[in-house]
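For reference, the structure is listed below as structure tokens.
The values are calculated or read from the model by the stated rules, or taken from the named source; none is laboratory data. Note that the structure is a prediction, hence the values are computed from the model and not measured. Cβ coordinates were reconstructed from backbone atoms using ideal geometry, including for glycine residues, and neighbour counts include every protein chain displayed.
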Amino acid sequence: MLKQILIFTKAQVSAFVGGVIDYLLMVFFTEVFGLHYLYGIVIGGVCGAVINFSLNKKWTFHSKEEKYESSTRLQLIKFSATATNSILLKSLGTFLLTTFLGINYKITRLAVDLFVSVGFNYMLQKTWVFKKRESIYPVKKQTQLEVVNDFFRKKRIG
């Protein structure tokens, strides 16, 4: 359970880093270059996705004990599909909230990002893009008493 909480936390940190770059680029291209905010979402989304993929592969989901089920190439393909759909969801959600509720795109984008990041991106990245290979040798989980007994047995032998 603690491991899953750590992975979730690391995923949110990765998403936050990629998301800040994504958001700042969206605002920059919209405010400085005068592009429609939907174009800014796409540009920022692509750049944020590159950062997010790198962090997730090397830090968030990386484990020396468990290998990935897919090659890096296949992970990139899966991640690209996830990121494309994420950008579409963010664009659509931001557009709908901005258009029909009359709220500034900068605010609606933050609200939409929260839902897409946790409800869509994290779940697909954890269970599909960066899925771990199933072990062919299942490890028997030891009780705390067995761990302590093994520790003391090794101390007496060594």
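Among the residues here, G119 qualifies as assigned to a helix (DSSP H, G or I) and more than 18 Å from I43 (Cβ to Cβ).
Looking only at residues in the range 22-41 that are within 19 Å of L114 (Cβ to Cβ) and β-branched (V, I, T), the one that is surrounded by the most Cβ atoms within 10 Å (Cβ to Cβ) is I41.
Checking the conditions here, which among E31, E69, E65 is closer than 20 Å to L124 by Cα and of a type in the set (D, E)?
On the way: E31 fails: closer than 20 Å to L124 by Cα; E65 fails: closer than 20 Å to L124 by Cα.
Unique residue meeting the criteria: E69.
Among the residues of the range 52-79, the ones that are closer than 17 Å to S117 by Cα and either over 13 Å from the mean Cα position of the chain (by Cα) or hydroxyl-bearing (S, T, Y) (or both) come to 2 in all.
Among the residues that make up the range 99-113, is at least one of them loosely packed, with under 15 Cβ neighbours inside 10 Å and closer than 21 Å to K132 by Cα? Explain how you work it out, then say what you get.
From the range 99-113, those loosely packed, with under 15 Cβ neighbours inside 10 Å are 99-104, 107, 110-111; that's our starting set.
If we keep only those that are closer than 21 Å to K132 by Cα as well, we get none.
Looking through the range 99-113, none of the residues is loosely packed, with under 15 Cβ neighbours inside 10 Å and closer than 21 Å to K132 by Cα.
You will find that of K3, K58, K67, K10, the residue that is surrounded by 14 or more Cβ atoms within 10 Å (Cβ to Cβ) and on the phi < 0 side of the Ramachandran plot is K10 and no other.
Could you list all residues from the range 42-54 that are among the aliphatic types (A, V, I, L, M) and surrounded by fewer than 16 Cβ atoms within 10 Å (Cβ to Cβ)? First the steps, then the outcome.
Filtering the range 42-54 for residues among the aliphatic types (A, V, I, L, M) gives 42-43, 46, 49-51.
Across the range 42-54, the qualifying residues are V46, V50.
Being modelled with pLDDT under 95 and out of contact with any Leu (no Cβ under 7 Å at 6 or more places or on another chain) is true for just one of I51, I21, I77, I7. Which residue is that?
On the way: I51 fails: modelled with pLDDT under 95; I21 fails: modelled with pLDDT under 95; I77 fails: modelled with pLDDT under 95.
Only one candidate qualifies: I7.
The number of residues in the range 24-45 being touching a residue at least 40 places away in the same chain (Cβ under 8 Å), under 16 Å from I107 (Cα atoms) and of a type outside the set (F, W, Y) comes to 5.
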